[in-house]
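Trainee: This is the structure, below, for whatever I ask next.
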């Protein structure tokens with residue numbers, strides 16, 4: 001590999017990338033929505049009580065804001081091996097085009113991890129209140145599921161991104177105490 005690789009983060013990678021990168025830029029993907037529909041039996045929950053974490057689901061006309069990380073070629077294999085392990089419970093790696101906030105192209109083919117409904121950890125849709133109640137009650141080796149959801153909302157707000165689903169879950173969590 002002779003060129004750098006772009007990796008798009010839209011969940012915990014927004015606030016905890018945990019890998020070396022040359023630079024990070026706010027970016028967006030179109031045609032998807034971010035949803036707390038994936039189970040986390042290994043990070044924000046347990047096999048008996050999986051947490052809820054985000055994935056991208058197809059949604060024509062929608063867009064998802066996150067951070068794009070440029071990974072130098074010398075680090076790419078080790079970064080991808082680490083991410084493959086981190087995202088092992090139901091996520092697959094695909095390529096998507098990335099845009100900058102001004103609409104210009106950042107990358108024609110960036111890597112992103114997403115979970116689809118055919119994986120064993122898929123929890124699927126639920127009401128915002130039900131999702132928040134599950135998140136409030138879960139904890140795993142990476143910490144409280146609540147912390148994940150609140151940190152994601154804070155990071156998105158800090159970059160000026162609007163995500164009605166994430167912010168609704170945040171409000172429900174704060175109401176729950």
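Trainee: How large is Rg over Rh for the chain, taking Rg from the Cα atoms and Rh as the Kirkwood inverse mean of 1/r across Cα pairs?
Mentor: So for the chain, dividing Rg by the Kirkwood Rh gives 0.95.
Trainee: Something else about it: If packing is taken as the average count of other Cβ atoms within 10 Å, what order do 12-19, 64-71, 103-110, 30-37 fall into, highest mean first?
Mentor: The peptides rank, most packed first, as 64-71, 30-37, 12-19, 103-110.
Trainee: At 7 Å along Cα-to-Cβ for each site, give me the label-to-label distance between residue 3 and residue 174 in nm.
Mentor: Once both label points are built, they end up 4.2 nm from each other.
Trainee: So, one more: Per residue, how much space in cubic angstrom lies within the convex hull of the C-alpha atoms of the range 70-150?
Mentor: Per residue, the Cα convex hull of the range 70-150 comes to 154 Å³.
Trainee: Moving to a separate point now. Cα convex hull of the range 11-82: how many Å³ per residue?
Mentor: So the per-residue hull volume is 100 Å³.
Trainee: Could you work out how far apart the two model spin labels at residue 133 and residue 63 are, taking each label as a point 7 Å from the Cα in the direction of the beta carbon, and quote it in nm?
Mentor: Placing both labels 7 Å along Cα→Cβ, they lie 3.6 nm apart.
Trainee: May I ask you to derive the relative contact order of the chain, considering only C-alpha pairs under 8 Å and at least 6 residues apart, and to give it as an integer percent?
Mentor: 28
Trainee: Then there's this: Report the FRET efficiency, 1/(1 + (r/R0)^6), for residue 99 and residue 157, where r is their Cβ-Cβ distance and R0 is 25 Å, rounded to 0.05.
Mentor: 0.80
Trainee: On to the next question. Measuring from a point 7 Å past the Cα of residue 24 along Cα-to-C-beta, which residues in the range 161-177 have an amide N at less than 15 Å?
Mentor: Correct set: 161.
Trainee: So what is the relative contact order for the range 91-177, in percent, with contacts set as C-alpha pairs under 8 Å and at least six apart?
Mentor: Over the range 91-177, the number comes to 22 percent.
A short reminder: the numbers here are calculations on the coordinates, not readings from a lab. On a predicted model such as this, the values are computed, not experimentally measured, just so you know. Glycine also receives a Cβ, built like all others from the backbone with ideal geometry; neighbour counts cover every protein chain displayed.
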